[in-house]
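The values are calculated or read from the model by the stated rules, or taken from the named source; none is laboratory data. These figures come from a predicted structure and were not determined experimentally. Neighbour counts are summed over all protein chains in view; Cβ atoms, including those assigned to glycine, are modelled from backbone coordinates with ideal geometry. Just the protein is used for accessible areas: all its heavy atoms, side chains included, with ligands, DNA and RNA removed. Shrake-Rupley method; radii C 1.70, N 1.55, O 1.52, S 1.80 Å.
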Amino acid sequence: MVDVSEVEWPVKRWAREIDDRLSAAGDAGPLVNIKADDRREFDAIFLGGGAAGRFGAAYLRAMGGRPLIIDRWPFLGGSCPHHACVPHHVFSDVAAQLLLERTFSGRLWFQDIGGKTASIKAVVEMFREGRTGPHAFMNFQSKEQLDLEFVLGAPARILDAHGVAVAGVSYRARNLVLATGARPKPLAIEGRNLQGVFDYASLVDTLDYEPGPTALVVGGGKTAVEYGCFFNATGRRTIIASRDRPLAMINDGETRAFLIRRMEEQGMEFWPGSELLALTGDERGRVESALIRGPGGEARVESDFVFLAPGLVPNSEEARETLGVAVNADGSIQIDSRLRTSVPDVYAVGDSTGAPMEMFKARKGGMYAARNIMGEEAHYRLGEYPDFMHTHYEVCWLGLGEEQARERYQNVVVLKLPPDNPDGDAVALPAGDRVMLYAMMKPELSGFQKLVVDGDSRRILGAFHVGYGAKDGFQYLAPMVRKGLTVDELGEMDELFLNPSYFIQLCRLRAGSKVLRGM
Ligand code: FAD
Ligand code: COM
């Protein structure tokens, strides 16, 4: 056990400690930050110090309570900085950058990279070497700025609804908050454990060779497409083999089609309706081929690099077995709107409670659990939320897609860019941040955006944006749309031209007319 309660480590010192612990084979014992002079009982133990546990604990502490976070990793922040959002954003940045470089290869000041392959290994290693920076900051911020107490670096065992044991020591609290996250869904297929078969976690933890010319991605959700675009952008043949239609989560057909077209132009191959049957390895134990059954029969793909992204499973087994908390068929912990499980005094937050598994839900869930534990009656109702993912672009969406809107409303009006040009030629719109070179020289790559409007009430029903930099705007647009934002109100806003979103402009161009027309 290392007692850190009396020390004030700067970020670099934390980084060294975390690095040592992540690379050490031995058991260094937990890092314990508990104030010996505080005699109050803990209001809650947050089992798991990821986004859900950390934000829950911080909110509870801010309200004057006493939380204790327990996590098996030697850092706070959980999956996000270690092998989820942060590497995903690194890889998506690389994909966007390489799209630019491939498009302008040999022109302007761009080097000729025709036929060249970028190293996946080098990008993964860069991330792996840098990731303790964010980890260290999480520990520093949590301890020195948020005044949080924690026990890190050792797995915990649930004792009962009020107790958890770590490295032989038991900790007790008025409440237990399960913030145990989720893990990659295992695929029960022959060859799953061959070298060269990765999921999002093992990729960043273990990749130690340069993948060959073909990347096979299994899955059609966000992670499959995001990582697939990165592999493709490095110059590899990339196959996305999925059971279902890829990008099904984007609820507007035209937006989906735009994205698929752009990815196919980059050489990506989509194999919907496919099932991975088996993986075979070479004499070194590394994967060398995959057998896939698709609509046209069976096909063998030669590849030494397979990325599995069939989804996630909530970490709920221990809570179910030890406490008897009720879980859903997919293993997610059942909660009510106050984040309470079926067991008194036990709450659950974040990915352990199932879809959507997103940061906002994890952090807000933590915050609402804290409010309830501290005596408020606070209901977290998920409702409609803005969403995003990456391809080679950043894609944002909210509300109803055009097809859904037409099913529910008589008079749906669409405002979009680029316009439907009669001769089919690409138009260099929407222009905006980080697509200006495309707009000038390769207009079809400058993005896509669309507002779906109820022409009668003039209310915005849905919004879709493909480009870069609109994500921030969508966070604020979403609650306004929920409250009934109209075309006229959007047209009243002051745009920062040339911004990534033309919605304000498009609305203003139409707002003067009593009868709304599309464009
Ligand atoms: P976690 O962060 O997983 O925390 C759970 C913690 O519990 C872990 O630290 C674990 O060590 C600990 N734990 C579990 N069991 C025990 C035990 N017995 N003892 C001790 N400790 C234990 N969301 C976004 O909003 N934006 C994104 O761009 C985004 N990108 C993503 C990319 C990928 C590849 C993936 C997989 C997910 C992504 N997400 C993204 C989702 C986001 O990462 C999760 O929703 C979020 O991290 C969940 O936080 P959590 O606290 O619920 O779980
Ligand atoms: C962000 C982790 S990477 S947390 O949500 O701030 O804990």
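Can you list the lysines whose alpha carbon sits under 17 Å from that of residue 12, skipping same-chain ones fewer than 8 residues off?
143
For the stretch 442-519, report the translational diffusion coefficient in µm²/s to the nearest whole number, using Stokes-Einstein at 10 °C, 1.306 mPa s, and a Kirkwood Rh over Cα pairs. Walk me through the intermediate numbers first.
Numbers: Rh = 13.0 Å.
So the translational diffusion coefficient is about 122 µm²/s.
Which entries in the list 121/185; 121/442; 116/450; 185/361 go over 28 Å, if you measure between the two C-alpha atoms of each? Don't skip to the answer; put the middle values down first.
Details: 121/185 24 Å; 121/442 30 Å; 116/450 35 Å; 185/361 20 Å.
Beyond 28 Å between Cα atoms: 121/442; 116/450.
Under 5 Å between amide hydrogens, which residues at least 5 positions from residue 149 or on another chain qualify, with H placed 1.01 Å from N in the peptide plane?
69
Can you give me the P(r) profile for the stretch 43-185? Cα pairs, bins 10 angstrom wide beginning at 0, each as a whole percent.
Result, from short to long distances: 11, 32, 25, 14, 11, 6, 1 percent.
Using Cα pairs closer than 8 Å and at least 6 residues apart in sequence, work out the relative contact order for the chain, in percent. Could you put the intermediate results ahead of the total?
Details: 1114 pairs, mean separation 71.8, N = 519.
The normalised contact order for the chain reaches 14 percent.
Would you work out what percent of the accessible area of the stretch 105-169, with all protein chains in place, is carbon or sulfur (probe 1.4 Å)?
Details: 1700 of 3110 Å².
Here it works out to 55 percent.
Net charge within 10 Å of residue 418 by Cβ-Cβ distance, Lys/Arg positive one each and Asp/Glu negative one each, not counting residue 418 itself? Before the final figure, lay out the partial values.
Values: positive: 416; negative: 420, 425, 444.
Summing Lys and Arg as +1 and Asp and Glu as -1 gives -2.
Quick one: check the C-alpha center-to-center distance for the stretch 185-250 versus the stretch 92-163, whole angstrom.
18
Return one number: the angle in degrees, 0 to 90 and rounded to the nearest 10, between the long axis of the Cα atoms of helix 359-373 and the longest principal axis of the Cα atoms of the chain.
Helix 359-373 sits at roughly 40 degrees to that axis.
At 1.4 Å probe size, with every protein chain present, just tell me what the per residue accessible area of the chain comes to in Å². The partial results should precede the final answer.
Details: 22830 Å² over 519 residues.
With the other protein chains kept in place, the chain gives 44 Å² per residue.
What is the packing order of peptides 100-107, 280-287, 64-71, taking the mean over residues of other C-beta atoms within 10 Å and listing the highest first? Walk me through the numbers on the way to the answer.
Details: 100-107: 15.0, 280-287: 13.4, 64-71: 21.8.
Taking the mean over residues of other Cβ atoms within 10 Å, the ranking is 64-71, 100-107, 280-287.
Check cross-link reach from residue 514 to the aspartates and glutamates: straight Cα distance under 17 Å, and skip same-chain residues fewer than eight apart.
Output for residue 514: 454, 456, 488, 489, 492.
Give me the percent of accessible area attributable to carbon and sulfur for the stretch 427-519, probe 1.4 angstrom.
Working: 2480 of 4340 Å².
Heavy-atom surface of the stretch 427-519 belonging to carbon and sulfur, 1.4 Å probe: 57 percent.
Starting from 0.36 nm per residue, how many nanometres of slack lie between residue 62 and residue 112 once their C-alpha separation is accounted for? Write down the numbers at each step before the final one.
Working: separation 50, 0.36 × 50 = 18.00 nm, distance 5.42 nm.
Using 0.36 nm per residue and subtracting the Cα-Cα distance, I get 12.6 nm.
Please compute the net charge surrounding residue 222, taking Lys and Arg as +1 and Asp and Glu as -1 over other residues with Cβ under 10 Å from its Cβ.
Details: positive: none; negative: 226, 358, 387.
Combined, the nearby Lys, Arg, Asp and Glu give -3.
Please compute the length gained on full extension between residue 159 and residue 336, using 0.36 nm multiplied by the number of residues separating them and subtracting their Cα-Cα distance. Working shown, then result.
On the way: separation 177, 0.36 × 177 = 63.72 nm, distance 2.31 nm.
Here the segment from residue 159 to residue 336 would lengthen by 61.4 nm.
Tell me, what % of the accessible area of the stretch 18-70 is carbon and sulfur with a 1.4 angstrom probe?
For the stretch 18-70, the apolar C and S fraction of the accessible surface comes to 50 percent.
Does the chain classify as rounded, prolate or oblate by the C-alpha gyration tensor (a ≥ b ≥ c root eigenvalues; a/c under 1.5 gives rounded; else a/b over b/c gives prolate, otherwise oblate)? Let's see the in-between values first.
Values: a/c = 1.83, a/b = 1.30, b/c = 1.41.
Verdict is oblate for the chain.
Karplus couplings for the stretch 423-440 from phi (6.51 cos²θ - 1.76 cosθ + 1.60, θ = phi - 60°), rounded to Hz, Gly and Pro as x?
8, x, 5, 5, 10, 7, 9, x, 8, x, 3, 6, 10, 5, 5, 4, 4, 7
Please compute the Kirkwood hydrodynamic radius of the stretch 178-270 from all pairs of different C-alpha atoms, in Å with one decimal. Display every interim value, and only then the final one.
Numbers: mean 1/r = 0.0684 Å⁻¹.
Hydrodynamic radius (Kirkwood, Cα only) of the stretch 178-270 equals 14.6 Å.
Can you list the residues, at least 5 places off or on another chain, whose amide H is less than 5 Å from the amide H of residue 159, using H built in the peptide plane?
When sequence neighbours closer than 5 places are left aside, the close amide H contacts are 164, 165.
Can you list, bin by bin at 10 Å, the percent of alpha carbon pairs in the stretch 336-380, starting at 0?
For the stretch 336-380, the binned pair fractions read 32, 58, 11 percent.
Apply the Karplus curve 6.51 cos²θ - 1.76 cosθ + 1.60, θ = phi - 60°, to the phi angles in the stretch 96-105 and return the couplings in whole Hz, x for Gly and Pro.
Values, residue by residue: 5, 5, 5, 4, 5, 5, 5, 5, 9, 3 Hz.
Taking the Cβ of residue 346 as the centre, find all other residues whose Cβ is under 14 Å away and add up their charges (Lys, Arg: +1; Asp, Glu: -1). Show your work: numbers first, answer last.
On the way: positive: 172, 174, 320, 338, 340; negative: 43, 160, 318, 321, 336, 345.
For residues surrounding residue 346, the net value is -1.
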